[in-house]
Amino acid sequence: MPAMDAIIQDLTRRGAGLLAWLRAWRGFGHFAAVAIVEALTPASYNNATRSVVQKQIYFTAWQILPTFTVFSAVLSFVLIQIVVDTARNYGFAQHALEASVRILVLEILPLLTALFVGLRSGAAINTEVALMVVHNEMKALEDTGVDPMRFEFIPRVIGGVISVLALTAVASAVALVLAYLAVYGFQAWSVHEYNRVMGNIFNLPVIAMLWAKVFAFGLAVTVIPISEGLAAPAGKLFFVPISVLRGMVRLFFVLMLVEVLSLVLKYI
């Protein structure tokens with residue numbers, strides 16, 4: 001019965017892989033829930049945690065703010081011009097502003113910000129946490145009475161979420177200004193019409209869904225790298241790049257999943 005044995009071995013291997021995959025995602029969900037609860041607990045905050053939050057915001061958002069602003073402005077300008085010119089060519093010029101804002105501010109810029117932060121800071125956080133586990137620094141902290149979750153990881157999650165929210169707000173503000181200039185030019189006579197269109201786009205449900213999505217992005221770019229780093233085996237330095245690669249793949253998957261779910265809720 002070699003064929004049957006091969007089938008059983010294959011099913012066993014696939015089942016073990018599925019269980020490992022489910023355990024990993026359960027770990028992400030558990031860590032995210034703990035992070036949210038700790039972040040909402042006033043006792044979690046002291047001078048040490050505030051310092052870590054400030055440093056995380058500085059390295060994640062402040063350092064890249066000029067580069068990110070220029071990049072998002074150039075991208076927004078190009079996409080707005082494409083949308084405006086296409087709308088005018090097909091006789092839909094009256095919808096050019098609304099289409100530009102919906103495409104950029106509601107969809108592209110939040111996802112772009114999360115990818116930007118994830119590639120720059122998420123990979124670094126994943127590497128740092130994995131190295132801490134490999135070198136048994138986690139156990140050393142626990143032995144000295146320091147809670148790594150409260151003093152190392154939760155502040156990073158809070159800083160990451162704030163950074164994604166702030167960078168998204170900056171990029172969106174730049175895009176809104178560029179959209180006005182592309183459609184109406186350098187004059188203030190159309191501000192009333194512009195405000196009317198913005199009011200039609202940004203109603204309360206849309207704003208709530210937008211910031212919920214950005215908040216989910218902010219959680220993902222910190223929670224997934226930290227969770228993946230914590231899953232690294234102690235004493236195995238070669239596993240660190242594997243951990244980072246897995247973290248980035250899973251981060252990309254979650255970001256795409258959040259984006260698709262938001263599109264389904266809005267348009268289907």
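Please compute the length gained on full extension between TRP25 and GLU137, using 0.36 nm multiplied by the number of residues separating them and subtracting their Cα-Cα distance. Spell out each step's value before the answer.
Details: separation 112, 0.36 × 112 = 40.32 nm, distance 2.44 nm.
That works out to 37.9 nm of additional length.
If you wrap segment 33-189's Cα atoms in a convex hull and average its projection over all directions, what's the area in nm²? Numbers along the way, then the final one.
Values: hull surface 48.3 nm².
Taking the Cα atoms of segment 33-189, their convex hull projects to 12.1 nm² on average.
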Review point. If the cut-off is a Cα-Cα distance under 28 Å, which lysines reach LYS139, setting aside same-chain residues fewer than 8 apart in sequence?
Key: LYS55, LYS236
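Using only alpha carbon pairs under 8 Å that are at least six residues apart, calculate the relative contact order of segment 42-267 and give it in whole percent.
It comes to 34 percent, rounded to a whole number.
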Exercise for review: Would you work out which of TYR45, LEU19, VAL174 lies farthest towards the positive end of the dipole of the chain, given +1 charges on the beta-carbon of Lys and Arg and -1 on that of Asp and Glu, about the Cα centre?
Suggested key: LEU19
Study note, to complete from the structure: Across 5 Å bins beginning at 0, the whole-percent shares of Cα-Cα pair distances in segment 128-178 come to 4, 18, 17, 16, 11, 9, 8, 7, 5, 3, 1
Practice item. Over all alpha-carbon pairs of segment 227-268, lay out the pair-distance distribution in 5 Å bins, whole %, shortest bin first. Key: 5, 22, 20, 14, 11, 9, 9, 6, 3, 1
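I want to verify the translational diffusion coefficient of the chain in µm²/s; compute it with Stokes-Einstein, Rh as the Kirkwood radius over Cα pairs, at 37 °C and 0.692 mPa s. Let's see the in-between values first.
Working: Rh = 20.8 Å.
Approximately 158 µm²/s, per Stokes-Einstein.
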Exercise for review: For LYS213, list the aspartates and glutamates whose Cα falls under 15 Å from its own Cα; do not include residues on the same chain fewer than 8 positions away.
Suggested key: GLU107, GLU259
Practice item. Over all alpha-carbon pairs of segment 132-268, lay out the pair-distance distribution in 5 Å bins, whole %, shortest bin first. Key: 2, 9, 13, 15, 15, 12, 10, 8, 6, 5, 3, 3, 1, 0
Review point. Could you give the angle, 0 to 90 degrees to the nearest 10, between helix 239-267's Cα long axis and the longest principal axis of the Cα atoms of the chain?
Key: 40 degrees
Practice item. In nm, give the distance between the simple-model label positions of LYS266 and ALA39, each being 7 Å from the Cα along the Cα-to-Cβ direction. Key: 2.1 nm
Point to revise | Selection of trypsin sites (Lys or Arg not before Pro), segment 233-268, meeting DSSP coil and at most 16 other Cβ within 10 Å | key: LYS236
Review point. Which angle from 0 to 90°, rounded to the nearest 10, does the C-alpha axis of helix 191-201 make with the longest principal axis of the chain?
Key: 40 degrees
Revision key, fill the gap. Residues other than TYR267 with Cβ under 11 Å of its Cβ, Lys/Arg counted +1 and Asp/Glu -1, net out at +1
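Below 12 angstrom from the Cβ of ALA231, what's the summed charge of the other residues (Lys, Arg +1; Asp, Glu -1)?
+4
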Revision key, fill the gap. Of the candidates ALA96, GLN54, GLY29, the farthest towards the positive dipole end of the chain (Lys/Arg Cβ +1, Asp/Glu Cβ -1, centred on the Cα centre) is ALA96
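Count the net charge of all other residues whose Cβ sits under 15 Å from the Cβ of MET209, scoring Lys and Arg as +1 and Asp and Glu as -1.
Values: positive: ARG102, LYS213, LYS266; negative: GLU107, GLU259.
So the surrounding residues net to +1.
Chymotrypsin sites (Phe, Trp or Tyr not before Pro), restricted to segment 151-220: which are DSSP loop and have at most 10 other Cβ atoms within 10 Å? Intermediate results must be reported in sequence, preceding the final value.
Details: sites: PHE151, PHE153, TYR180, TYR184, PHE186, TRP189, TYR194, PHE202, TRP211, PHE215, PHE217; in loops: PHE186, TRP189, PHE202.
Those satisfying the criteria are PHE186, TRP189.
Since every read-out is calculated from the coordinates, none of them should be taken as a lab result. What you see is a predicted model, and the numbers here were worked out from it, not measured in a lab. Every residue, glycine among them, receives a Cβ derived from its backbone with ideal geometry; neighbour counts consider all protein chains shown.
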